Every structure is written in structure tokens, then in C-alpha cells.
Amino acid sequence: MITYEFLQQYWWFLISLLGGLLVFLLFVQGGNALIFLAGKTEEERQLLVNSTGRKWELTFTTLVTFGGAFFASFPLFYSTSFGGAYWVWIAILITFVFQAVSYEFQSKAGNILGKNAFRIFLMLNGLLAPWLIGAAVGTFFTGSAFVVNKDAVADIGAPVISRWVSDWGGLEAVANGFNLSFAHMVMFLAIVLGALYAINNIAHPTLSGKLRKSLLKSFILFLVALVLVLVQLLTMDGFAVNEAGVVSMEPYKYLNNFLEMPVVLVMFLLGAVLLVAGVVLTLLKPNFNKGIWLAGPGTVLAVIPLFLIAGYNGTSYYPSSADLQSSLTLANSCSSEFTLRTMAIVSLILPFVVAYIAYFWRKMNNRPLTNEELKETESY
Amino acid sequence: MVENALVDWSRAQFALTAGYHWIFVPLTLGLAVIMATMETLYVIKKDEFWKQTAKFWMKLFAINFAVGIATGIILEFEFGTNWSNYSWFVGDIFGAPLAIEGMLAFFMEATFFAVMFFGWEKVSKKTHLLATWMTGIGASISAIWILIANSWMQNPVGMEFNPDTVRHEMVDFWALVLNPVAIVKFFHSVFSGWMTGAIFVIGVSSWYLLKKRETRFALASIRVAASVGIIGTVVLMLSGDGSGVLVAKYQPMKMAAAEGLEKGGECAPFSIVPGVEIPGMLSILATHDINGCVPGIEDILNGYTDHNGISYPSADEKIAKGKLALEAFKEYRTWKDTDPAKAAEARKVLDENVDYFGYGYIDSPEELVPNVPLVYWSFRLMVGLGCFLLALMVFVLWAEWKGKLTSMRWLQWVALWSIPLVYLAGQAGWIVAEVGRQPWVIQGLLPTKAAVSSVSVGAVQTTFFLFVVIFTLFLAAEIRIMLKAIKEGPKI
């Protein structure tokens with residue numbers, strides 16, 4: 001029976017899935033973060049730019065679809081978070097906007113700012129975008145300073161439903177230790193994935209060796225951030241919501257969510273094992289270059305549960321630290337049953353979309369990228 | 001209290017983003033069809049010339065495409081950052097087309113663009129051709145969904161107000177998709193892209209003719225572009241006619257503003273420029289009937305009865321009904337959990353006046369009139385330039401067919417300098433559509449001033465100027481890179 005509640009859960013799962021895919025596809029950003037760190041010669045940098053440059057639009061599109069899906073299924077989140085955490089979202093957007101043009105412009109004559117400027121934009125996007133996205137997602141567990149009052153619509157002079165209480169427009173999120181740990185975790189994960197993808201996609205022994213060194217460093221930093229996140233997440237009080245929709249603080253809420261939803265816990269552990277296996281095999285075996293195909297799916301499997309424990313099992317996924325009862329839950333922030341049902345039907349097209357993306361991904365990646373290919377065919 | 005300055009700066013920021021976005025999108029839409037046609041000729045004729053011709057235009061396409069994407073993502077997220085109240089109040093309806101656009105169109109564009117640009121040696125000829133067409137089709141599908149969303153703002157259908165959730169909710173998805181305004185707007189916008197792409201290709205090709213280089217390439221490009229452009233502009237004009245009828249029906253104030261019509265009625269005249277009118281023409285254009293009633297600004301503000309005997313209330317009456325609806329909404333919210341009888345009474349009053357809900361936020365009838373001179377002159381610019389550009393394309397194609405184009409240098413100059421004109425026409429069209437519907441963000445339901453986010457004026461001013469700098473930098477870089485690429489020329 002497809003009930004309203006089922007549709008809310010279904011859509012939260014889709015948001016979680018898109019979130020997982022987005023974090024995996026942040027390998028594009030991670031690869032860009034390495035342009036100057038791993039790429040020491042022009043040839044190496046050009047290879048790195050062209051490697052992620054053939055996939056950046058998928059990351060971009062996933063981000064846009066993630067936003068669109070949130071808008072369609074949980075419009076009160078879209079309204080409250082984007083309108084309130086103004087500076088965080090604007091900063092994320094600006095880094096992506098610069099990225100969008102930088103691939104195309106960086107090596108073209110007449111680009112005004114010069115090649116290195118556009119590569120620096122790519123690197124800044126590579127570091128800042130995952131960091132900011134991580135900080136924003138961290139607030140799903142720690143809360144944000146907003147108030148929601150739907151009766152305000154009758155106030156002719158100021159009919160705004162959602163109001164941000166802090167003057168910092170969302171930037172206050174980075175003053176929270178958990179959010180900071182989360183931000184670093186996502187950033188280092190993106191670099192790990194970027195290194196793994198480039199090792200798989202580029203045929204260049206010298207660059208490959210440098211990428212493996214970067215992989216080791218970023219993986220250690222990722223593990224430190226991951227441990228910090230997990231220790232805090234599993235010991236913190238969480239935002240519980242009862243059947244009447246009343247939100248209250250519950251000790252060990254997120255640990256309880258894992259334990260009360262064992263499938264989600266198993267998914268997280270499986271994802272973590274795959275992710276670690278992908279990295280460790282790459283580090284231990286000099287000829288092994290398929291780590292991304294373990295770590296990538298592992299990332300998706302590990303990220304989905306983080307979203308699920310934020311929204312499932314009677315949890316407020318976007319809590320308010322200013323007014324507990326303004327916190328957003330799946331039930332109080334979702335679209336109408338008709339819209340969720342209609343959009344659920346539309347979402348059935350997603351497997352078809354994934355299938356054609358996978359087909360053409362294989363076609364385009366069947367041979368690793370070489371310096372010769374860049375000289376002989378179209379390239380950035 | 002929502003400050004007027006906040007509303008104005010938020011509008012300015014959205015207009016800036018949308019205006020810049022519409023510099024890049026129409027060229028994407030038009031160039032996609034032109035280069036796909038060229039590649040089709042390559043596959044059919046097996047002539048390397050057509051491959052290189054297509055590849056040259058693809059190079060320019062790619063430069064333009066990137067900036068279109070950059071401005072597009074800001075537009076989507078601005079609905080949340082700057083128009084958060086709007087996002088909740090109608091997000092139940094408006095969010096759906098945006099999500100579908102992402103799932104259906106953006107992934108298609110992203111996947112096939114990479115195949116089209118980098119896949120010449122990686123996939124077969126036919127698969128590559130498919131990728132080129134799919135990139136263009138993806139762009140058009142994207143246009144369908146965002147225009148469905150925009151058209152719903154011009155003519156809201158398929159929803160009802162729910163005072164419990166305090167928002168409009170979708171009740172009929174197909175009414176949204178098959179909204180007549182959306183259908184006409186799709187053809188009008190997408191085919192204006194065909195015209196833009198065609199004029200761009202003709203203009204650049206004319207530069208080669210002026211420089212007496214790449215002659216075969218230039219003439220072949222002109223033939224394809226002019227053919228695509230003429231087809232596109234004919235559809236553009238037919239859909240423009242349909243758009244006029246729908247605007248007159250659903251947004252009479254926009255029509256009155258576009259005509260500068262203070263007092264209307266039956267057999268209304270069409271103003272070519274102030275003081276020069278064609279009697280009865282506006283009635284024909286707006287209603288397809290010379291005796292059709294087209295109300296003027298004063299008629300709409302004072303109330304009027306049309307040629308079918310239907311009476312429309314005055315602005316004051318609408319505002320009064322709107323205030324009644326808002327008050328009833330407030331009452332309903334107060335009593336819904338404690339006094340069902342009082343809540344039911346309030347609900348009845350709300351339901352009776354809900355069509356005028358948005359008028360409750362309006363302070364005076366004058367607020368209901370958009371910027372008439374801006375809309376009036378933008379409309380003339382759009383139509384005038386559209387007619388001129390169609391004539392230009394027909395003439396250029398005729399001259400090429402007769403073998404005279406290479407010797408007609410004046411025509412080559414005109415074609416070259418028509419490139420900025422086609423952009424001017426496109427921008428003017430959107431000014432008519434968007435300024436003309438003010439003060440409404442959703443016609444009759446939600447005024448712009450009730451749709452903004454609760455952010456500081458300073459924050460919006462800062463991001464406005466930030467975007468001015470970024471977009472202008474991108475545009476300057478794009479133009480410069482394109483000029484260099486054009487100067488370098490195709491590899492034929």
C-alpha cells in the first residue's frame with residue numbers, strides 16, 4: 001500500500017541516494033584539488049584537467065538534480081535552508097560557477113585571466129565545494145538557527161514563513177566542531193576519490209606515482225576526520241520527533257538509529273569496507289588501478305545511511321537550534337501526497353537514466369587517457 | 001516589515017541572472033540544431049567537409065554552453081536563496097518541473113555533450129551523430145520544463161490553496177503540463193533560439209566572406225543556418241500570435257501595458273509607435289475578432305464588461321476581496337484546532353475569495369500597473385527586430401541561391417551587425433513577459449513583494465554586484481575566446 005508516509009520515506013531515500021551519488025561524483029572536485037599538488041609539469045596538469053573535465057557535468061547535474069529533487073519533495077527545506085543559510089549556499093554556487101567555465105576557458109587563447117587563474121578556480125572549487133557541502137550537511141545533525149511560522153502569511157507587511165535567527169547567514173555552521181569535522185571528512189574523501197579516479201583514468205606512470213602519494217596522505221587525513229565524525233555522531237544527542245510531530249532531544253539518537261535500523265548499519269559498514277579496500281589495494285599493489293570501482297560504490301553505500309539516520313526512525317532531518325518545534329521533519333516539510341505520488345512515478349525513469357550514463361561512461365573510458373590522445377583529438 | 005529595497009534588489013538580481021542566462025541559452029538551442037544538421041549531412045554524404053564544418057560550430061557551441069550552465073545553476077538556487085517564501089507557498093507545484101528538468105534533460109545534455117565533444121574517435125559515426133542530436137534535444141527538453149514552470153507563474157492552473165499547510169498544492173499534473181501558455185511559450189522561446197543560432201552563424205560566416213576567406217565553408221554554413229532560421233522564425237511568429245491571444249485572456253494588464261492602452265474596448269487600435277495606429281488591429285491580434293474587447297489600463301482598474309457580457313471587478317473590489325481572504329485565512333488558522341464552527345465559517349469566506357488572495361497584499365490600485373514605457377518599447381523592439389531578421393535571412397538565402405551573396409558586401413556587413421540585434425530582440429521579449437506581469441510573481445495569487453526571503457538588503461546588494469562582476473567577466477572572456485577561435489577559422 002503506497003501511503004503518504006511511504007511516499008515521504010521513498011523521497012527521503014531518493015534524496016539520500018542522490019546525496020550518495022553526489023559525494024561519489026565529487027571525485028571531480030578531488031581531482032581538481034590535485035592539479036597543483038600532484039601535477040608538477042604542464043603535461044601532468046593538462047592530463048588531470050582533461051580527466052575530470054570529461055565528467056564534471058555529471059557532478060554538476062547531480063548537484064542541480066539534488067537541489068531540484070529537494071525542492072519538489074521537501075519544499076520547506078528548500079525555502080528555509082537556502083533562504084536562511086544564504087552565504088553558505090551562495091559560496092557553494094560561486095565555486096561551482098567558476099568551475100563550469102574554467103575547463104572550457106583554461107587553455108583557450110583570449111581567456112583574459114590566463115591559464116593558471118582558471119586552474120586555480122578549479123582547485124578552489126575542488127577544495128571549497130566539498131568542504132562547504134560537508135559543513136552544510138553537518139547541520140542536519142547539529143541544527144541551524146531558524147524559525148518557521150506558517151501563520152506569518154497573514155501578516156501583510158511581512159508574510160515570510162521561514163526566518164534565520166543568526167546574522168551570519170549560515171556561516172555560523174563552521175563554528176561547530178562536528179560540522180567542521182564533517183566538512184574536512186567530505187573534502188578529504190573527495191581528494192581520495194579524485195586520486196583513485198585519476199589513477200584509473202590516466203595512463204602516465206610518473207603522475208600515477210605522485211597520485212598514489214597524494215592518495216596516502218589524503219586517506220590518512222580522511223580517516224582522522226572520519227573517526228572524529230563517528231565519535232561525535234554516535235555519542236551526541238539527536239533530534240527525535242514523536243508521532244504527534246513534537247520534537248525533543250534524545251541521547252545517543254543517531255547511535256540508536258543505526259542499532260534500530262540494522263539494514264542501514266550493515267549498508268554503512270559494507271560501504272566503509274569497500275571504500276577502505278579500494279584505497280588499501282591501490283596503495284599496496286602498484287599495478288592495481290581499479291580502486292575507484294570499489295571506493296566509489298563504497299562511498300555511495302556509506303553516505304546513503306548517513307542521510308537515512310538523519311531522517312528516518314522518527315528523526316528531524318533539519319533541526320532548528322533556535323526553536324525546537326520549528327525543526328523540519330519528513331512529515332512537516334514535504335510536498336502534498338499528490339505531488340509526491342506524481343513525482344514518484346516520474347522517478348521511475350531514473351534507472352533508465354543511470355543505464356545510459358553507465359553505457360556511455362564505459363564507451364568513453366574504455367581506454368585510459370594519454371598525452372598522445374590530448375594532442376591528437378579534442379581536448380580542454 | 002519587508003522593505004521595498006529588498007524586493008527591488010531581489011528582482012534586480014534575478015533579472016540580472018535571467019538576462020545573462022538568456023544570452024547563452026538561445027545560442028545553445030539554435031546552434032545545436034544547425035551543427036546537428038551539418039553532421040547529418042556528413043554522415044549521409046560521407047564528405048569530410050561537413051564534418052569539419054560541424055566541428056567548427058561545435059567548438060563555439062562548447063564555449064557558449066559552459067557559461068549557460070554556470071548562470072543556469074544560480075537561477076535554480078535563487079528561487080531558494082532570494083525567493084524562499086515563494087518556494088514554500090508554491091513549491092508543491094513549482095518544484096516538480098525543476099526536478100523533472102534535472103532528471104530528464106540535464107543528465108541527457110551532460111552525458112551526450114561529452115560524447116559529442118570528445119567521442120569522435122571513441123564511438124561510431126552514427127552513435128556520434130545520435131549524441132549530437134541528443135545534446136540539442138536535451139537542451140530543448142530542459143526548455144520545456146522550465147517554461148512549464150514559468151508559464152504556471154503567468155497562468156496558474158491545476159492547483160488549489162490548502163490553508164492547513166499554507167500553500168498551493170498541485171491537484172492536476174496534466175493541467176500544469178498542458179497549460180496552453182506553456183505550449184505557446186515553449187515554441188516561442190525555443191524557436192527564438194533557432195533564430196538566434198541562425199543569425200549568429202550567418203553573421204560569423206559573413207565576416208569570412210568580407211575577409212574573402214573560407215568561402216565554401218561560409219556559404220555552406222549560411223545555407224544551413226538560414227534554412228533553420230527561417231523555419232524557426234515562422235514558428236516564432238505563429239507562436240507569437242498565439243501568445244498575444246493568451247496574454248489578452250489571462251494577463252490583460254500585460255497586454256494593455258504592451259500597447260500603452262489607457263482606455264480600450266471593442267475594435268481596439270494597434271499602436272505602431274505613439275501617434276501611429278491601425279484601427280481595430282489590436283482586437284484582431286488579441287482576440288482574432290475585429291469586434292473583440294481589449295481592456296485598457298483604466299478599464300482594468302475601474303472594472304469592465306467584455307464583448308461576451310462577462311463583467312470583471314475593479315481593482316478596489318479585488319483588493320477588498322483579497323483582504324477578506326487574508327482575514328478569513330487568519331481566522332481559520334486561529335480556530336481550526338479549538339472551534340470547528342468558527343473555523344468552518346472562516347473557511348467558507350476564504351474559499352469564496354481565494355481567487356483574490358494575492359490582492360490582499362496590494363496597497364493601492366496603482367501598484368497593479370507595470371512599467372508601461374519599458375514594456376511598450378520592449379514589445380516594439382522585439383517585434384520590429386524579429387520582422388527585420390526574418391527578412392534578412394530570406395534575402396541572404398535568396399542571394400546565396402542566386403550566387404550573388406559573395407559580391408554583396410553591404411549585405412554581409414548588415415548580416416554581421418545583426419548578431420547583437422538578435423540578442424536585443426530576445427532580451428526585449430523576456431522584458432515584455434516578466435516586467436509586464438508585475439506586480440505578480442504568480443498572476444493574481446502572489447505579489448512579488450510577498451515572495452522574497454527574509455535576508456538583509458545589504459546581503460542581496462552584495463551578491464548582486466558580485467554576480468555583475470562574475471557574469472561580465474565570463475561574457476567578456478567568452479566573446480574574446482570566440483573571436484580568437486573565429487579568427488583562427490575552421491580546419492578545412
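Since every read-out is calculated from the coordinates, none of them should be taken as a lab result. Here the structure is a predicted model, which means the values were calculated and not measured. A quick note on method: Cβ atoms are made from the backbone with ideal geometry, for glycine too, and the neighbour counts reach across all protein chains shown.
Zone of B:I492 (label point 7 Å along Cα→Cβ, backbone N under 16 Å): which residues in the stretch B:59-87? In the stretch B:59-87, the label zone of B:I492 (backbone N under 16 Å from the point 7 Å along Cα→Cβ) covers B:59-60. Annotation: Cα Rg of chain B relative to the compact-globule expectation 2.2 N^0.38 Å equals 1.07. Of the beta bridges in the protein assembly as shown, as assigned by DSSP with both residues counted there, near 90 percent are antiparallel. Net charge in the neighbourhood of B:P295 (other residues with Cβ under 13 Å of its Cβ; Lys, Arg +1, Asp, Glu -1) is -3. Calculated FRET efficiency, B:N4 to A:L324, Cβ-Cβ distance, R0 = 45 Å: about 0.85 to the nearest 0.05. At full extension, B:W410 and B:K211 could sit 70.3 nm farther apart than now, given 0.36 nm per residue minus the alpha carbon distance. In summary, the convex hull built on the alpha carbon positions of the stretch A:267-380 has an orientation-averaged projected area of 12.2 nm². State which entries of A:K55/A:K213; A:K108/A:K213; A:K40/A:K108 exceed 25 angstrom in Cα-Cα distance in the structure shown. Violating the 25 Å limit, Cα to Cα: A:K108/A:K213. Using C-alpha pairs under 8 Å with a sequence gap of at least 6, the mean separation divided by the residue count of chain B gives a relative contact order of 20 percent.
If you count Lys pairs in the stretch B:265-361 whose Cα atoms are under 18 Å apart, skipping same-chain pairs closer than 8 places in sequence, the total is 7. For chain A, the longest principal axis of the C-alpha atoms and the axis of helix A:337-347 are separated by about 20°. Among the listed pairs B:K45/B:K212; B:K51/B:K491; B:K212/B:K487, a Cα-Cα separation exceeding 18 Å is found for B:K45/B:K212. In this structure the amide hydrogen of A:G238, modeled in the peptide plane, comes within under 5 Å of the amide hydrogens of A:E250, A:Y252, A:K253, A:Y254, none closer than 5 places in sequence on its chain. Using Cβ point charges alone (K and R +1, D and E -1), the dipole size of the stretch B:265-361 about the Cα centre works out to roughly 460 debye. Taking each DSSP H run with n ≥ 4 as -39500 (n - 2.57) and averaging over every residue of chain B yields -24500 deg cm²/dmol at 222 nm.
Counted residue by residue at 0.36 nm each, then reduced by the alpha carbon distance between them, the extension gain from A:A203 to A:V165 reaches 8.5 nm. Between A:D237 and A:L223, residue separation times 0.36 nm minus the direct Cα-Cα distance comes to 2.7 nm. The distance between label points at B:V469 and A:L259 comes to 5.3 nm (points 7 Å beyond Cα on the Cα→Cβ vector). Straight-line cross-link reach from A:K115 at under 17 Å between alpha-carbon atoms covers these aspartates and glutamates, not counting any fewer than eight positions away in the same chain: A:E42, A:E43, A:E44, A:E104, B:E478. Computed from point charges on the beta carbon alone (+1 for Lys and Arg, -1 for Asp and Glu), the dipole magnitude for the stretch A:10-102 about its Cα centre is near 80 Debye. 3J(HN,Hα) along the stretch B:440-456: 9, 8, 10, 3, x, 9, 9, x, 3, 5, 9, 9, 6, 7, 8, 10, 6 Hz, from the Karplus curve 6.51 cos²θ - 1.76 cosθ + 1.60 with θ = phi - 60°, whole Hz, x for Gly and Pro. Selection among A:G53, A:N176, A:F258 by position relative to the dipole of chain A gives A:G53 as farthest towards the positive end (Cβ unit charges, Cα centre).
Taking A:V49, A:V165, A:V354 in turn, the Gaussian network model of chain A (Cα-Cα springs below 10 Å) assigns the largest fluctuation to A:V354. Note on chain A: GNM, Cα springs under 10 Å; of A:E172, A:E243, A:E260, the largest mean-square fluctuation is that of A:E243. Near A:Y4: Cβ cut-off under 12 Å, other residues only, Lys/Arg at +1 and Asp/Glu at -1. The net charge is -1.
According to the square roots a ≥ b ≥ c of the eigenvalues of the Cα gyration tensor, what is the shape class of the stretch A:30-102, taking rounded for a/c under 1.5, prolate for a/b larger than b/c otherwise, and oblate for the remainder? Because a/c hits 1.5 or more and a/b exceeds b/c, the stretch A:30-102 counts as prolate. Between A:R341 and B:L424, the simple label model (points 7 Å from Cα in the Cβ direction) yields a spacing of 5.3 nm. Screening chain B for whole DSSP H helices of 15 Å or more along their axis (Cα) with average Kyte-Doolittle hydropathy at least -1.0 returns B:4-45, B:48-81, B:107-118, B:125-154, B:180-210, B:215-250, B:315-335, B:340-353, B:372-401, B:409-435, B:457-488.
R0 = 25 Å: FRET efficiency of A:W361 with B:T40, Cβ-based, nearest 0.05? Given R0 = 25 Å and the Cβ-Cβ separation, E is 0.45. Extents of the protein assembly as shown, taken as max minus min of Cα coordinates on every principal axis and listed largest first, are 85, 84, 48 Å.
Across all directions, the average projected area of the convex hull around the alpha carbons of chain A is 20.2 nm².
Summing Lys and Arg as +1 and Asp and Glu as -1 over all other residues whose Cβ lies under 10 Å from the Cβ of B:Q154 gives a net charge of +2. Is the C-alpha gyration tensor of the stretch B:265-361 telling us rounded, prolate or oblate? Criteria: a/c under 1.5 is rounded; beyond that, a/b larger than b/c is prolate, otherwise oblate. Here the stretch B:265-361 falls in the prolate category. Take each residue in A:90-99, count the other chain C-beta atoms within 10 Å of its C-beta, and the mean is 5. Under the simplified labelling scheme, the B:I290-B:S456 pair shows an inter-label distance of 6.3 nm, with each label point 7 Å from Cα along Cα→Cβ.
For B:C293, the residues 5 or more places off, or on other chains, whose built amide H falls under 5 Å of its own are B:H307. Projecting the Cα atoms of B:G309, B:P340, B:V273 onto the dipole axis of the stretch B:265-361, where Lys and Arg carry +1 and Asp and Glu carry -1 at the beta carbon, places B:P340 farthest toward the positive end. Positive end of the dipole of the protein assembly as shown (Cβ unit charges, origin at the Cα centre): among A:F268, A:P159, B:V452, the Cα lying farthest that way belongs to A:F268. Rounded to the nearest angstrom and listed largest first, the equivalent-ellipsoid semi-axes of the stretch B:340-492 from its Cα gyration tensor are 49, 23, 13.
Rounded to the nearest 10 degrees, the inclination of helix A:205-235 to the longest alpha-carbon principal axis of chain A is 20 degrees. Each residue of the stretch A:61-77 was assigned a 3J(HN,Hα) from its phi angle through the Karplus curve 6.51 cos²θ - 1.76 cosθ + 1.60 (θ = phi - 60°); the sequence is 5, 5, 4, 5, 5, 4, x, x, 5, 4, 4, 6, 9, 10, x, 5, 5 Hz, with glycine and proline shown as x. Overall, the protein assembly as shown carries a charge dipole of about 4500 debye about its Cα centre when +1 sits on the Cβ of Lys and Arg and -1 on the Cβ of Asp and Glu, all other atoms neutral.
Considering only C-alpha atoms, what is the centroid distance from the stretch A:86-129 to the stretch A:305-321, in Å? The stretch A:86-129 and the stretch A:305-321 have Cα centres separated by 33 Å.
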